[in-house]
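I have placed the structure first, in the form of structure tokens, so that the comments after it can refer back to it.
Every number here is computed from the coordinates shown, using simple stated rules; none is lab data. Quick caveat: nothing in here was measured; it's all calculated off a predicted structure. Cβ atoms come from the backbone with ideal geometry, glycine included; neighbour counts cover every protein chain shown.
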Amino acid sequence: MITTVLAFVLTLGVLIVIHEYGHYRVAVACGVKVLRFSVGFGRVILRRQATPDSTEFVLCALPLGGYVKMLDEREGAVRPADLGRSFNRKPLWQRTAIVAAGPIANLLLAVLLYAAAHWIGIDEPKAVMGSPVAASLAERAGLRAGDWARAWSADGTEWQDLRSMTDLRWEVTQAAMRGERLHLMVSDRAGHAQRRVVLALDSFGSAEVDAKLMQRIGLGAAFSEPVLGEVKAGGAGALAGLRAGDRVRSIDGVEIADASQVRDLIRASASGTPRAMQWRVEREGQVLQIAVTPSVVSEGALQVGRIGAYPGQPPEMVMVRYGPIDGLTAAVAQTWKMSALTVKMLGKMLIGQASLKNLSGPLTIADYAGQSVRLGIAYYLGFLAVVSVSLGVLNLLPLPVLDGGHLMYYLFEGVTGRPVSALWLDRLQRGGVAIMLMMMSVALYNDVARLLGLQ
């Protein structure tokens with residue numbers, strides 16, 4: 001819990017400081033007087049100001065944002081000597097640059113963070129697939145447990161290598177967003193018996209692109225040997241006689257190819273009348289028949305089976321690392337792709353072609369921050385980059401309360417030669433606040449629903 005809170009605070013702190021520093025640095029370069037640089041809102045906790053006439057740097061109690069307050073005649077009286085340093089007196093191009101600098105700073109930060117993660121290297125699951133969900137698109141395409149996805153293609157002629165399971169899921173998501181088929185070159189786990197399969201993702205609507213997309217396609221966790229890990233004393237598995245190291249060969253006559261099958265069958269055992277499952281396991285060269293009656297527990301609104309043992313061994317991992325130039329090039333490409341995906345997703349949510357369940361709020365961010373920190377520095381840097389891209393893109397949306405809204409004002413001014421009237425500014429601000437409150441409410445609802453297992 002402490003790790004999650006600290007990771008969340010660090011994530012917000014870094015992203016807010018970089019965003020506001022972008023505004024601050026360009027404002028100073030354009031000769032604008034910056035009155036206050038604030039991280040957070042509300043009561044001031046820390047304050048620093050070198051001289052009475054210099055910028056005041058403050059840290060406030062509520063760290064969910066920040067702002068840079070600049071000298072502006074629209075917000076108060078300005079001394080004649082300072083008129084030339086007032087924001088509203090600056091040329092249109094300078095005001096535009098100052099406002100755009102915040103989101104751009106977040107996108108540049110994302111490039112650096114992705115590059116650092118690439119240079120450090122990340123252990124990722126090898127793109128060897130577990131058992132596809134029965135009757136799913138993946139199973140109909142011919143994918144089987146143990147298939148190693150080696151490369152992908154949009155048209156079946158030009159192929160690109162897949163480094164890991166992360167790469168595979170990214171390309172599947174992209175193809176689903178585009179409504180296009182995805183060609184995969186797969187082999188067995190040893191790299192033999194190579195063949196092609198086609199995922200008919202053109203049958204999926206973009207409204208189905210959400211956190212459960214892989215589950216609907218039928219792509220589950222990476223391949224894991226169906227060998228039992230720790231068996232807890234007093235659990236259903238221990239009481240039945242299961243031991244750590246047992247290799248599961250079949251359950252109720254169903255041949256077991258990988259650990260995900262075992263987990264799915266155990267979970268599904270809670271539906272209907274509780275009964276003993278007939279397990280066939282291999283132990284020290286002997287095959288044993290064991291009757292296992294899973295216990296039934298609540299998981300959110302669902303009833304699922306549990307045996308008090310973890311089926312599966314850690315998946316095979318590969319180190320994904322780039323050189324100095326390749327890492328930076330890949331970081332730029334990744335930032336661009338993530339930005340484009342974010343814009344597409346927001347646009348599709350706006351017109352009802354994508355689920356609003358994709359919106360996440362502070363609880364989800366905090367949860368993912370804590371998880372990524374526990375996995376290692378490279379994972380955390382990658383997570384920070386994703387959030388930085390999201391923040392940069394979000395702030396460029398043409399909503400009046402965001403940087404993108406101000407850029408729209410300046411576009412209007414550039415086209416018409418006159419600024420937006422005070423009356424319309426007030427109306428647009430009120431509308432922008434209402435939209436932001438609705439988005440925040442939906443995001444918070446999604447956070448709570450995920451924590452309760454309702455999504």
If each K or R counts +1 and each D or E counts -1, the residues other than Val58 whose Cβ falls under 12 Å of its Cβ total +3
Going from the fewest other Cβ atoms within 10 Å to the most, one would list Met438, Met165 as Met438, Met165
With Gly142 itself left out, Lys, Arg at +1 and Asp, Glu at -1 over residues whose Cβ is under 12 Å from its Cβ give +2
Nearest 10, in degrees from 0 to 90: the angle of helix 92-120 to the longest Cα principal axis of the chain is 30 degrees
The lysines whose Cα lies under 23 Å from the Cα of Lys348, excluding any fewer than 8 residues away in the same chain, are Lys212, Lys337, Lys357
With +1 on the Cβ of every Lys and Arg and -1 on the Cβ of every Asp and Glu, the dipole magnitude of the chain about its Cα centre, in debye rounded to the nearest 20, is 840 debye
Of the candidates Gly156, Gly191, Gly179, the farthest towards the positive dipole end of segment 99-245 (Lys/Arg Cβ +1, Asp/Glu Cβ -1, centred on the Cα centre) is Gly191
Of all stretches in the chain that avoid GluC sites (Glu not before Pro) placed in a DSSP loop and having at most 11 other Cβ atoms within 10 Å, the longest is 285-455
Residues other than Val99 with Cβ under 15 Å of its Cβ, Lys/Arg counted +1 and Asp/Glu -1, net out at +1
Summing -39500 (n - 2.57) over every DSSP H run of at least 4 in the chain, dividing by its residue total and rounding to the nearest 500, the 222 nm mean residue ellipticity is -14500 deg cm²/dmol
Quick calc: nm separation of the 7 Å Cα→Cβ label points for Val28 and Arg418 -> 3.8 nm
Contour minus Cα-Cα span, Ala276 to Leu437, at 0.36 nm per residue, comes to 52.9 nm
Restricting to lysines and to Cα separations under 17 Å from Lys69, and discarding same-chain partners fewer than 8 apart, the set is Lys33, Lys90
Once both label points are put 7 Å beyond Cα along the C-beta direction, the Leu83-Asp426 separation in nm becomes 2.6 nm
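Can you tell me the dipole magnitude for segment 228-311 around its Cα centre, using point charges on the Cβ only (Lys, Arg +1; Asp, Glu -1), in Debye to the nearest 20? Walk me through the numbers before you get to the answer.
On the way: 10 positive and 9 negative charges, 35 e Å.
Computed about the Cα centre, the dipole is about 160 debye.
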So Ile325 and Glu230, fully extended at 0.36 nm per residue minus their Cα-Cα distance, gain in nm 29.9 nm
To the nearest 10 degrees, the tilt of helix 403-416 (Cα long axis) against the first principal axis of the alpha carbons of the chain is 50 degrees
Simple spin-label estimate for Glu158/Lys337, 7 Å along Cα→Cβ, in nm, reads 1.4 nm
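Between Ala268 and Thr166, what FRET efficiency comes out of the Förster formula 1/(1 + (r/R0)^6) with R0 = 25 Å and r the beta carbon distance, rounded to 0.05?
After rounding to 0.05, the efficiency reads 0.35.
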